[in-house]
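First comes the structure, then the notes that go with it.
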Amino acid sequence: MTVDEIKRIFNAFNKSYYTQFRSYVLLHALLDTLGRVDETLHLKKQDVDFDKRSVTFQNTKSKKFRIVSISKKTARLLQELIVANDDLFNSEYIFLTNDGKRLRPSTFRAHLEKILKNVGINKRIHSHLWRHTGLEMFLRQSGNIRVLQQLLGHSNLVTTASVYSHGLDEKVRNEHEKFNAINLIEEQKEKVIKRNSK
């Protein structure tokens, strides 16, 4: 997804409704942490460290816990959702249904589809796409692939490179475009020509 598409989706939520605010917070968490939907929906209040601005995924695909940093905005949104939950429900989980039960991936997907109908983006936007988009944006900003590996919870770098190779390919192309040897030589040549023409 593009930045513009993400902004349009975020703007489609009416955050005065509990379910829409909850989904809005969840999308921020997915994009920010690169977490899988199921492991994010298993987050409990005690899994968020607001002082260190991090979340601990306990229920992961690899069965190993994973600590991931979060942005100030995601931390603030999670805190607001936890406060709203505490006023309404008695649950240790962060992402809840209107009945105060832990939100399931299928329920979230159905709710997201309803919201997306009003946005007018002609592409299939599924919950895993947020993880994929977050990692591409991380790479586009020259994020370190070893850090990305830890964020994604992959046991080895080969998995990270193979599953998301096209994102890596784009980063390699962009980096090559900026820093290739021919560009450096051409820049030096142009400086010499300019100096000699004075």
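Work out the P(r) tail for the range 3-121: percent of alpha carbon pairs separated by more than 22 Å, whole number.
30
If you plug each phi of the range 19-24 into the Karplus form 6.51 cos²θ - 1.76 cosθ + 1.60 with θ = phi - 60°, what whole-Hz ³J(HN,Hα) values come out, in order, with x for Gly and Pro?
5, 6, 5, 4, 5, 4
Give me the one-decimal nm value for the distance between modelled label points at L88 and D49, 7 Å along each residue's Cα-to-Cβ direction.
2.9
Mind giving me the FRET efficiency for E187 and D4? R0 is 35 Å, r the Cβ-Cβ distance, nearest 0.05 is fine.
Between E187 and D4 the formula returns 0.60.
Distance check, please: which entries in K45/K114; K52/K72; K61/K117; K15/K114; K44/K114 exceed 19 angstrom between their Cα atoms?
Pairs exceeding the cut-off: K45/K114; K61/K117; K44/K114.
So how much slack lies between Q20 and I121, counting 0.36 nm per residue of separation and subtracting their Cα-Cα distance, in nm?
The span from Q20 to I121 would gain 34.5 nm if fully extended.
Over the range 3-121, what is the relative contact order in whole percent, taking alpha-carbon pairs under 8 Å and six or more residues apart?
Relative contact order comes out at 28 percent.
Can you list, bin by bin at 10 Å, the percent of alpha carbon pairs in the range 67-136, starting at 0?
16, 36, 41, 7
Relative contact order for the range 49-118: what percent, with Cα pairs under 8 Å and sequence separation of 6 or more?
16
All of the numbers you see were taken from the coordinates with simple rules; none came from a lab. Note that the structure is predicted; figures quoted are calculated from it, not measured. Positions of Cβ are backbone-derived with ideal geometry, glycine not excepted, and every protein chain shown enters the neighbour counts.
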